[in-house]
Amino acid sequence: MLKIKCSIVTMEHSEKFKQRFLELVDDLDCKKSEIPKILNIDYTVFIKITEFGIIPKPLVLTRIADYFNISVEYLLGRTNNLFFLKAENDTTFLNRYQILKSEKNLTDYAIAQKLHITTSYTTNWKNKKYMPSIVNLIELSEIFKVSIDYLLGRTDDRTPYK
């Protein structure tokens, strides 16, 4: 993934993500202008995806993946496996993060060190219910050896995608 500076915000973009997204929306039987509403995403987000391959925030990615019943991993181009089994019971990133952190005997400080972020960032995940960036979610999935979808609580299958 490449980083594009956009004002003071660094945004991730991926040509593979853009292509996957375009393939999925091409199968929708509707006008291009109706797609953002169908997917429940902002029109500017839709344009940023289709024109530049900018990866939206994890909550928007999840919304898109949920609509198409695919994994976030597939959407990002990290796997070619279209099979996706949604979790029986909804859970949150925070719940999964706490469980995985406990299983690996890792502290927030240790996680922050591995991600090269401050512990205040991990504290915000808990206290303010913030979601990590997609880059941090990818790194966390690698630290915990689980899929992004498992980490997000979308599936009960811990197996990382290949």
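The values are calculated or read from the model by the stated rules, or taken from the named source; none is laboratory data. What you see is a predicted model; the values in this text were computed from it and never measured. A quick note on method: Cβ atoms are made from the backbone with ideal geometry, for glycine too, and the neighbour counts reach across all protein chains shown. In case anyone asks, the SASA skips ligands and DNA or RNA and just uses the protein heavy atoms, side chains included. Shrake-Rupley method; radii C 1.70, N 1.55, O 1.52, S 1.80 Å.
Structural remarks
- Test: residue in region 144-156 that is among the hydrophobic types (A, V, I, L, M, F, W, C) and surrounded by fewer than 16 Cβ atoms within 10 Å (Cβ to Cβ): no
- When THR107, THR91 are checked against the criterion of being surrounded by 13 or more Cβ atoms within 10 Å (Cβ to Cβ) and over 14 Å from the mean Cα position of the chain (by Cα), THR91 stands alone in meeting it.
- Each residue in region 117-128 was checked for being loosely packed, with under 13 Cβ neighbours inside 10 Å and either modelled with pLDDT of 95 or more or in contact with a Leu (Cβ under 7 Å, 6 or more places away or on another chain) (or both), and 1 of them qualify.
- Residues of region 129-143 that are more than 20 Å from ASN81 (Cα to Cα) and either touching a residue at least 60 places away in the same chain (Cβ under 8 Å) or open to solvent by 70 Å² or more (accessible area, probe 1.4 Å) (or both): LYS129, TYR130, MET131, PRO132, SER133, VAL135.
- Any chance LYS86 is over 19 Å from ILE55 (Cα atoms), open to solvent by 40 Å² or more (accessible area, probe 1.4 Å), out of contact with any Leu (no Cβ under 7 Å at 6 or more places or on another chain) and of a type outside the set (Ser, Thr, Tyr): yes
- Counting only residues that are farther than 16 Å from GLU142 by Cα, in contact with a helix residue (DSSP H, G or I) (Cβ under 7 Å, 6 or more places away or on another chain) and without any contact (Cβ under 8 Å) to a residue 12 or more places away in the chain, region 61-112 holds 1 of them.
- Scanning region 71-84 for residues that are part of a loop (DSSP other than H, G, I, E, B), more than 14 Å from LEU151 (Cβ to Cβ) and within 12 Å of the chain's Cα centre (by Cα) yields a count of 1.
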